[in-house]
1. Give the residues of the range 445-462 that are at pLDDT 90 or above, outside any strand (DSSP E or B) and in contact with a Lys or Arg (Cβ under 9 Å, 6 or more places away or on another chain), sorted by residue number.
2. Being surrounded by 20 or more Cβ atoms within 10 Å (Cβ to Cβ) and hydroxyl-bearing (Ser, Thr, Tyr) is the filter here, so list the residues in the range 321-332 that pass it.
3. Let me spell it out: the conditions are (1) modelled with pLDDT of 95 or more; (2) open to solvent by 30 Å² or more (accessible area, probe 1.4 Å); (3) in contact with a strand residue (DSSP E or B) (Cβ under 7 Å, 6 or more places away or on another chain); (4) not polar (S, T, N, Q), and ASP378 meets all of them except one. Which number is the exception?
4. Can you tell me which residue among VAL395, VAL349, VAL441, VAL430 is in a helix (DSSP H, G or I), out of contact with any helix residue (DSSP H, G or I) (no Cβ under 6 Å at 6 or more places or on another chain) and among the β-branched types (Val, Ile, Thr)?
5. Would you mind stating whether ASN311 is free of Cβ contacts under 8 Å to residues at least 40 places away in the same chain, more than 29 Å from ALA249 (Cβ to Cβ) and out of contact with any Pro (no Cβ under 8 Å at 6 or more places or on another chain)?
6. Give the residues of the range 423-444 that are among the charged types (D, E, K, R) and either modelled with pLDDT under 85 or in contact with a Lys or Arg (Cβ under 9 Å, 6 or more places away or on another chain) (or both), sorted by residue number.
7. If we keep just the residues of the range 333-352 that are surrounded by fewer than 20 Cβ atoms within 10 Å (Cβ to Cβ) and among the hydroxyl-bearing types (Ser, Thr, Tyr), which is farthest from the chain's Cα centre (by Cα)?
8. It is to be established whether one or more residues within the range 174-181 are of a type in the set (Val, Ile, Thr) and in contact with a helix residue (DSSP H, G or I) (Cβ under 9 Å, 6 or more places away or on another chain).
Amino acid sequence: MKKIMTLVLALVLAFSCMCLTASAEAEYDLTLRVEVFDRSIAGLNLEDCWQLHYAQKNFGDPNGIKLEFVPVSRWEEGDILTTQISGETAADICITYNGDLVNALIADGGVYALDDAIDQYGANIVAFLGENLLGYGAFDPDGDGVKTQYTIPARRISVVNQGAFVRSDWLKALDMEEPKTIDELEEYLYAAKDAELGGKMTIPFSYAIFTSNPMFAMRYYISAFVNFDEITEEDWIAYKDNPEMLPGAKEAFELFNKWYHDGVLYENFAVDTDSTIGDTYMTQGYFGYFLQQYDQPWRTDKNYQAEMARNVEGAEWIPVNAWANIYNGKTYHDNYDAAGLTIFVPGWVSEETATAAIKYLDWMCVPENMFAMQNGVDGINYHSLDENGLPLNAVPTDQVPDENKMHVGDVVFISNGYNFGDNAKNAAYVARSFPGYEEQVAKSVLYSNADAWTQISFTVPIQAATDYSATVITKQNELIAQTISCDPADFDAVWDEYIQAILDAGADKVIEAYRQAYIDGNYRGTFPGAK
């Protein structure tokens with residue numbers, strides 16, 4: 001009897017294994033490759049992370065879809081995606097901030113039309129984004145008056161962009177108040193240098209060229225020197241990508257040239273573009289000022305404040321709003337459009353894969369799925385919920401086990417920011433998600449919203465931008481490097497040389513194309529000089 005039972009159990013086990021194998025084969029009859037940004041967070045393996053496992057279990061398995069995350073460096077994503085598109089090796093769901101690349105792909109028929117798939121499987125996408133925001137992804141490349149849904153814009157929960165920061169411990173040591181103007185900021189920078197508040201390595205003003213978008217920071221500084229009574233809304237739109245052409249821009253570069261030669265501005269600004277040395281100097285307490293995202297000092301994935309305080313007792317970053325326009329005193333800030341990064345499906349994928357892509361994005365927009373993918377596990381990534389259902393006591397990434405490490409925006413990319421269903425809850429959580437720094441984050445948001453204008457975008461592809469943006473950006477990088485570091489006596493000549501080089505590289509054609517788009521009404525965004 002015992003032998004018979006053993007045989008029966010063996011047969012049952014063998015049959016079960018056969019069933020599991022058959023089930024597994026049926027379970028994954030399609031692979032969906034999804035691009036995610038990689039920020040090189042220690043311990044986070046995006047190809048084998050908690051968010052992928054959760055999505056696989058709750059979306060992939062029930063739908064017979066094998067999910068794969070395809071990591072792409074956040075800071076090189078434009079170049080990498082361009083290469084992948086050329087070789088048709090890009091993911092089935094692509095994400096990018098490179099609007100010119102997307103416009104070029106649409107014009108060449110390289111993007112999958114999503115209207116039918118969204119109509120059938122995208123009800124939650126439409127509910128989350130809204131018809132108006134979704135419309136940002138509709139284009140009319142052939143000019144026949146009929147728009148096609150080629151892309152899906154991510155929804156920015158907060159439109160706040162850049163923030164600037166100074167060292168409160170340095171202000172205290174110098175017996176100074178928080179600077180409110182450029183002159184006051186300059187006084188602080190020179191005093192910090194003279195006092196060597198960061199030791200022999202004191203670098204009062206941190207600056208490095210962001211090579212893929214060299215005007216990211218310079219646009220902010222240039223705005224303080226522009227006389228907005230002398231330019232029109234049309235000019236503002238035309239020079240969207242070339243703020244160095246605006247009247248007053250030259251004065252901003254002259255100031256940087258002065259600071260560079262006086263040893264106030266980071267001497268390796270033109271070569272330290274990967275931020276590795278910058279991050280090290282930041283956390284060692286050498287820097288006295290920097291500009292990045294409004295919440296950069298306190299982010300859980302790279303907490304500059306916490307790391308610096310561990311190395312330098314009493315060191316603290318606080319927000320500052322010192323770049324007051326020299327003509328009207330306003331502190332101009334460019335805020336994001338509500339349409340965030342661009343999501344698209346390459347044109348070469350099959351209908352079945354495109355449908356799976358929309359199903360996955362739609363699943364991501366379901367509130368309970370978004371909550372889980374953005375917040376993780378109670379007791380590991382956070383501890384309990386408040387009366388409004390908001391997570392409490394978010395755990396810093398470096399204190400979370402590797403198997404539970406996450407990065408919200410890089411994986412739940414259809415929502416650029418934490419979303420809890422309404423604006424009040426979302427705003428409340430922004431500050432709370434930085435435990436111990438709530439007051440400073442709130443102040444940074446306040447500053448970053450001061451005199452804010454919405455970034456400019458276009459509702460039609462701009463062929464000139466597609467054709468010339470890469471070469472123009474190369475010359476803009478050269479302009480910044482050369483005009484800031486050149487001998488002050490040569491500044492005017494160097495400035496003229498590189499401004500002309502930018503125009504010759506195709507900027508003149510881009511400017512005229514943008515001007516025509518303005519005349520035709522094919523733009524979105526605001527002009528800060530409007531009365």
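1. Answer for the range 445-462, where residues must be at pLDDT 90 or above, outside any strand (DSSP E or B) and in contact with a Lys or Arg (Cβ under 9 Å, 6 or more places away or on another chain): ALA450, ASP451, GLN455, ILE456.
2. Those that are surrounded by 20 or more Cβ atoms within 10 Å (Cβ to Cβ) and hydroxyl-bearing (Ser, Thr, Tyr): THR331, TYR332.
3. (3)
4. Result of the check over VAL395, VAL349, VAL441, VAL430: VAL430.
5. Against the criterion (free of Cβ contacts under 8 Å to residues at least 40 places away in the same chain, more than 29 Å from ALA249 (Cβ to Cβ) and out of contact with any Pro (no Cβ under 8 Å at 6 or more places or on another chain)), ASN311 qualifies.
6. ARG432, GLU438
7. Restricting to residues being surrounded by fewer than 20 Cβ atoms within 10 Å (Cβ to Cβ) and among the hydroxyl-bearing types (Ser, Thr, Tyr), the top hit is SER350.
8. no
The values are calculated or read from the model by the stated rules, or taken from the named source; none is laboratory data. Note that the structure is a prediction, hence the values are computed from the model and not measured. With ideal geometry, Cβ positions are generated from the backbone for all residues, glycine too; neighbour counts draw on all protein chains shown. Remember, those area values only see protein heavy atoms, side chains included, never the ligands or the DNA or RNA. Shrake-Rupley method; radii C 1.70, N 1.55, O 1.52, S 1.80 Å.
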